[in-house]
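Heads up: the structure comes next, in C-alpha cells.
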Amino acid sequence: MSTIPESVAKVRARIREAAQASGRDPQDVQLLAVSKTKPAGALREAFACGQRDFGENYLQEALAKQAELADLALTWHFIGPIQSNKTRALAEHFAWVHSVDRLKIAQRLSEQRPAQLPPLNLCLQVNVSGEASKSGCAPAELAALAGAVAELPNLRLRGLMAIPEPT
C-alpha cells in the first residue's frame, strides 16, 4: 500500500507525462484530490506534499474537516449532488461547486454567497449520456442554463462537469 507522499508523487508524474504528451504545460493542470471519507490527518499529509485543492461530497463531513484544517490554506470544492437546503452552507464554506444542474440552485448560491467572499466558482453538471441514474441538465438545455447562470452576480461560471457512461 502506497503512502500519501508516494501516491501524490505518482499522480503528479502521470499528469506531467499526459500534459507533455498532449503539448500542454503540466503547470496548467490542477489536481483536485477527492477527500471524501478520508480523515483530516490524511489531508494535512497531502497538504505537506503540495496538494491544495480538495473535493468533498458529504457536506457535514466537509464542514468538520474545514474546521479542523482551518490553519491550512486549502481550496474546498463541493462535488456532490446539491439539495436546496444545503445551498447556504455551500455558498459560505466552499470556493467551488461542481455539480449545479438547475437554475434554482445557482440562484440560491448567488443570493447566499457572503459579500466579503469572492464569487463562487461554478461548474454546470451535464448529463451527456442521458442516463436516468445520473444528475445533470440535458445538453439541449445547457446554453440557456449557462446564460442565466453567467448573469448571476456572486457566481463565476468556470466550466462543465459530466460523468458519462463508461462506453
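Summary table
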| read-out | value |
| --- | --- |
| Whichever residue in segment 55-68 is among the acidic types (Asp, Glu) and closer than 18 Å to TRP96 by Cβ and, among such residues, is surrounded by the most Cβ atoms within 10 Å (Cβ to Cβ) | GLU56 |
| Test: residue in segment 107-114 that is free of Cβ contacts under 8 Å to residues at least 12 places away in the same chain and surrounded by 13 or more Cβ atoms within 10 Å (Cβ to Cβ) | no |
| Count of segment 103-161 residues which are small (Gly, Ala, Ser) and assigned to a strand (DSSP E or B) | 1 |
| Within segment 26-50, considering residues that are in contact with a helix residue (DSSP H, G or I) (Cβ under 6 Å, 6 or more places away or on another chain) and assigned to a loop (DSSP other than H, G, I, E, B), the one farthest from ALA9 (Cα to Cα) | SER35 |
| Residues located in segment 17-54, provided they are over 18 Å from the mean Cα position of the chain (by Cα), among the charged types (D, E, K, R) and surrounded by 15 or more Cβ atoms within 10 Å (Cβ to Cβ) | ARG44, GLU45 |
| Filter result (crowded, with 21+ Cβ neighbours inside 10 Å, farther than 13 Å from LEU152 by Cβ and either touching a helix residue (DSSP H, G or I) at 6+ places or on another chain (Cβ under 9 Å) or among the basic types (Lys, Arg) (or both)) within segment 77-98 | PHE78, ILE82, LEU90, PHE94 |
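Coordinate-derived values only; no laboratory data. The structure presented is a predicted model; accordingly, all values stated were derived computationally and were not measured. Backbone-built Cβ (ideal geometry, glycine too); neighbour counts: all protein chains shown.
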